[in-house]
Amino acid sequence: MDLLYLIFVDPFVQMGQAPDLLVQTLWDGLVSGVLYALIALGFVLIYKASGVFNFAQGIMVVFAALTLVGLYAAGIPALPALALTVVIMLALAVAIERLVLRPLLNRPDIVLFMATFGLTYFLIGFGQLLFGGETKQMITRQLHLPQGAIDLHILDGLVTLQKIDIAAAVIASVMVASLAFVFQYTRIGRALRAVADSHRAALSVGISLNQIWVIVWFAAGVVALATGIMWGARSEVSFALEVVALKALPVLILGGFTSIPGAIVGGLIIGLSEKLFELYWGPLIGGGTEAWFAYVVALIVLLFRPHGLFGEVIIERI
Amino acid sequence: MTNAAAGETLLAVEEICLRFGGVQALSEVSFDIKRGEIRAIIGPNGAGKTSMLNVINGFYRPNRGVIRFRGQSFTRMRPGFAARNGIARTFQNVALFRGMTTLDNLMTGRTLKMKRGFFWQLLRYGPAMDEEIEHRRAVEEIIDFLEIEAIRRVPVGRLPYGLQKRVELGRALATEPELLLLDEPMTGMNLEEKEDMCRFILEVNAQFGMTIALIEHDMGVVMDLSNRVVVLDYGRKIADDAPAVVKQDPAVIAAYLGVAG
Ligand SMILES: Nc1ncnc2c1ncn2[C@@H]1O[C@H](COP(=O)(O)OP(=O)(O)OP(=O)(O)O)[C@@H](O)[C@H]1O
Ligand SMILES: [Mg+2]
């Protein structure tokens, strides 16, 4: 009886008693949720357009952030360093298309998946070689990102909004919205969707797969850079950041691997639910739930909806 | 046929060989397609008809042989080059962009005709918008022509098979091709749908002088539509003549009987 009370009643009583804490938690969940959504979107774009499950997306976040910080440390001013990092992500996309995707065209999916493993270890090694393995600080101030916090005295209490979190939420939302817009309403977006639906039909109307692949990998690179900056500014820049990107996996399972709205909603659900669970239910089982809760949610979804909440059911024609 | 093929050669394949492991899909196949004609390619299942189309538009690379197109020689085509140079096609088992509407499917056919850069596209303003409107107009004409107004906004994955084939023809037409490759455009259709499709094929050929290579199993259709017929069997060419002649050819009859019996 006691246990049932602790699980099903007490958390909600607590929420009612300290609404400011609830709002604070929801806010924190929202911010990580948008960032998860952003990473997941990078996955979805690549998966849709080239059928590749990009294991390297996480390390691309680290690599992009390290490059930015490294260039700044090498004496290049912050904004030019940012521009240069974007150019490097473009070069990376071109290199991946030329050296990985094109030679492996028409190979089984598993081969391409393994190739992204290779890419992951290459980026780790290359990143460490260039920038060293030690932890670095994100150049938050130099990039003119806001610092400090806003205290809201609401609901008879205090809700603290870190300004960097507000910036992260805004920038991530803008990026998510623009990617969704491009995908839905522009010629490039139409070509991307065409390639996602049928490679041979896309080729037959003159769409260049190579060009599309460079575009999606570049988009994923820019998304990785944005994520790296935001997440780096909230903690620090190191290879541990990759763990954050791994959260994209449950997000994708939740949203379906091929759905852009799915990536967005999935990201928000995971972000919000893991924060709420940690605060209100975590103490019952000794805390530390944030590390694994997302995967449990994904597993449950997988049991009931194998294609995710938004994924399309693929019926193989035999 | 009234529209007698008197034009010069638009495309010719010469001694094309294509092998998949142990299967010889094409052996030393040669024929030509003249400007303005409807050229049928027939043959029993597995004869190599689809493979031939795939060689012509660059999906397959032949092991040997030459493709002559507009006077130039190629040891292989590439899909992008073929598309840029006016070769369009449909697929035997329909390859549409299933998630998109009929309209968007046809609009992808305009890809190579759109010139405005990406950033104009993003703004959806000025020249890019004008361009979009201009292409919409071209696409709407095709939609009228194919009588598919009613399904303009329907995601094509939900359409019945016969209509999907029609949309696929529309997408190929939207590229304004010079040479149209049709791989069994009428399979899976009822009689009425077949008659419509025949009419469309004849009209694009007569009105726009589009050259057509047509793979078809229905001999009646082939008789009605085509100027000349190539017959393949086990990857070899066994006949190449006017439809009435081919129909009487003992080798052709044997090939088809061989399958039936
Ligand atoms: N991609 C491929 N890989 C392996 N074998 C292939 C491939 N494409 C075609 N073949 C083989 O080549 C031969 C010719 O096939 P093709 O599809 O060209 O025949 P078809 O004349 O179009 O037959 P159908 O009337 O059944 O469509 C067949 O034996 C087929 O199995
Ligand atoms: Mg075939």
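The values are calculated or read from the model by the stated rules, or taken from the named source; none is laboratory data. None of the values given here were measured: they were computed from a predicted structure. In this analysis, Cβ positions are derived from the backbone assuming ideal geometry, glycine residues included, and neighbour counts consider all displayed protein chains.
Laid out as a table, the results:
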| quantity | calculated |
| --- | --- |
| Residue selected from the range A:200-213 under the condition in contact with a Ser or Thr (Cβ under 9 Å, 6 or more places away or on another chain) and more than 7 Å from every other protein chain (Cβ to nearest Cβ), by the criterion farthest from A:L35 (Cα to Cα) | A:A202 |
| Criterion: more than 14 Å from chain A (Cβ to nearest Cβ), surrounded by 14 or more Cβ atoms within 10 Å (Cβ to Cβ) and either within 16 Å of ligand 1 (Cβ to nearest atom) or more than 17 Å from the chain's Cα centre (by Cα) (or both) - qualifying residue of B:A40, B:A12 | B:A40 |
| Filtered residue count, the range B:189-220, keeping only those that are more than 13 Å from ligand 1 (Cβ to nearest atom), out of contact with any strand residue (DSSP E or B) (no Cβ under 6 Å at 6 or more places or on another chain) and in contact (Cβ under 8 Å) with a residue 12 or more places away in the chain | 15 |
| Residues that are within 11 Å of ligand 1 (Cβ to nearest atom), of a type in the set (G, A, S) and at the interface with another protein chain (Cβ under 9 Å from one of its Cβ atoms), drawn from the range B:45-104 | none |
| A:G228 being crowded, with 21+ Cβ neighbours inside 10 Å and more than 12 Å from every other protein chain (Cβ to nearest Cβ) | yes |
| Any pair with Cβ under 7 angstrom, 6 or more apart, that starts in the range A:290-304 at a residue that is farther than 16 Å from A:L268 by Cα and ends at one that is in a helix (DSSP H, G or I) | A:L302/A:I253 |
| The range B:9-51, residues that are part of a loop (DSSP other than H, G, I, E, B) and away from ligand 2 (no atom under 14 Å from the Cβ) | B:G21, B:G22, B:R35, B:G36, B:E37 |
| Pair list, Cβ < 9 Å and 6+ apart or interchain, from the range A:75-104 residues that are at pLDDT below 95 to residues that are loosely packed, with under 12 Cβ neighbours inside 10 Å and not in a loop (DSSP other than H, G, I, E, B) | A:L104/A:V111 |
| Filter result (in contact with a Pro (Cβ under 9 Å, 6 or more places away or on another chain) and within 13 Å of ligand 2 (Cβ to nearest atom)) within the range B:52-91 | B:V55, B:F59, B:R89, B:T90 |
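Yes/no matrix, rows are residues, columns are (1) within 14 Å of chain A (Cβ to nearest Cβ); (2) surrounded by fewer than 22 Cβ atoms within 10 Å (Cβ to Cβ); (3) within 17 Å of the chain's Cα centre (by Cα):
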residue: B:P160; (1), (2), (3): no, yes, no
residue: B:L163; (1), (2), (3): no, yes, yes
residue: B:G170; (1), (2), (3): yes, no, yes
residue: B:A174; (1), (2), (3): yes, no, yes
residue: B:E178; (1), (2), (3): yes, yes, yes
residue: B:D196; (1), (2), (3): no, yes, yes
